[in-house]
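The values are calculated or read from the model by the stated rules, or taken from the named source; none is laboratory data. Note that the structure is a prediction, hence the values are computed from the model and not measured. Counting neighbours? That spans all protein chains shown, and the Cβs are built from the backbone with ideal geometry, glycine included.
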């Protein structure tokens, strides 16, 4: 699909695409989620294993999406792949959930986390709702400019975030004496593993990896997408995988297990984040405000990436006349779906004011992985029904790699249904509400 037919401009190169992948993933999870993971499994080695499993699952997804993205380099990502594989109804349901839950939920979670990192400032603590709305609105305004500008903003934030994670981890190793018998001490290695607890820990880790698919949503704006998209996905996830492993070991290096368990989470909403506690172990109280600002930069970068890419889904649906046609309009000056950006931002503001961070992320991850699994199956459909379709990238280890991705996605969804029934029920209600919505919008195709 070329820019003449869509109105979109292909202006994102490999550097911008890598920045979107890495920057959309490194946000809040790496600074917060280790605590809830420890609460679920109670031991360092199980937490690290959950991070590893989540990273492998994300990499399997990246391989799968790389082949799909190279075949269909259009705006919309998952929505486009499901449309081509199964038809309009499944595609619409994925786009519907993305528009109502996944995208605004992600943006809202980033905004809520930003306020969490700044709760040391009294004015911000007293005006949290105002700050959340201001952050979402401000970055939506920025992303209404040309996509190349949004790409440059994302590259800037991503460079800062990579440097930040490396500096924090290395500073911890340099300044903090390791816990006695670090790798094998009872304080770090206790805990009894259960499947449900490990599944919930993996779900928490997947929030930190969430965003790897964002680049697929802007497939219609990537230069040489058949080459750029696979490279950005695979090398982006490998980079994040290494950074996450490094900083999680640093947390356990600096803090006893009890300090990690009592850090900021749904159980301890007023506590400091685990990353702040780790850095305070050598910087003291004087480093809290500086570190909060650094965390804010990371979170805002992820929010920018989510706002930049997410609006392309309702835009693609509207272009197919499966959604509000109003959202198919591009800005005549910037060639960006500004109306879709502001619609999703309004929903994000409502969600940010109505849920906690962990609740928001559970809505997002559960809903997203239902459709990731169905999208993985489309690869088998296309290999069978469209064997002659041009593929500039093929999944290595086919059919094992996509089969593992689909199977692990299914297990994750089942475990979430069992362990977080309320959040899962809400997510399923949003999904099922898309069926009547589909039939409401569908006649517009036939007019």
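Observations, loosely collected:
- The range 3-48, subset closer than 18 Å to residue 146 by Cβ and part of a loop (DSSP other than H, G, I, E, B), residue modelled with the lowest pLDDT: 7
- Within the range 297-316, residues that are surrounded by fewer than 24 Cβ atoms within 10 Å (Cβ to Cβ) have Cβ atoms under 6 Å from residues that are modelled with pLDDT of 85 or more and part of a helix (DSSP H, G or I) in these pairs: 297/160, counting only partners at least 6 apart in sequence or on another chain.
- Test set (1) farther than 21 Å from residue 150 by Cβ; (2) modelled with pLDDT of 85 or more; (3) surrounded by fewer than 17 Cβ atoms within 10 Å (Cβ to Cβ) - residue 322 fails condition number: (3)
- Restricting the range 383-402 to residues that are part of a helix (DSSP H, G or I) and surrounded by fewer than 17 Cβ atoms within 10 Å (Cβ to Cβ), the residue that is modelled with the lowest pLDDT: 385
- Unique match (being part of a helix (DSSP H, G or I), within 19 Å of residue 244 (Cβ to Cβ), at pLDDT 85 or above and more than 26 Å from the chain's Cα centre (by Cα)) among 172, 162: 172
- Single residue of 115, 131 found to be in a helix (DSSP H, G or I), at pLDDT 85 or above and more than 18 Å from the chain's Cα centre (by Cα): 131
Residues checked against (1) closer than 30 Å to residue 168 by Cβ; (2) part of a helix (DSSP H, G or I); (3) out of contact with any helix residue (DSSP H, G or I) (no Cβ under 7 Å at 6 or more places or on another chain):
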residue: 281; (1), (2), (3): yes, yes, no
residue: 294; (1), (2), (3): yes, yes, no
residue: 316; (1), (2), (3): no, yes, no
residue: 327; (1), (2), (3): no, yes, no
residue: 331; (1), (2), (3): no, no, no
residue: 336; (1), (2), (3): no, no, no
residue: 341; (1), (2), (3): no, yes, no
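- Residue check, residue 408 in contact with a helix residue (DSSP H, G or I) (Cβ under 9 Å, 6 or more places away or on another chain), assigned to a helix (DSSP H, G or I), within 15 Å of residue 377 (Cβ to Cβ) and at pLDDT below 85: yes
- The lone criterion from (1) touching a residue at least 12 places away in the same chain (Cβ under 8 Å); (2) over 30 Å from residue 383 (Cα atoms); (3) assigned to a helix (DSSP H, G or I) left unmet by residue 145 is number (3).
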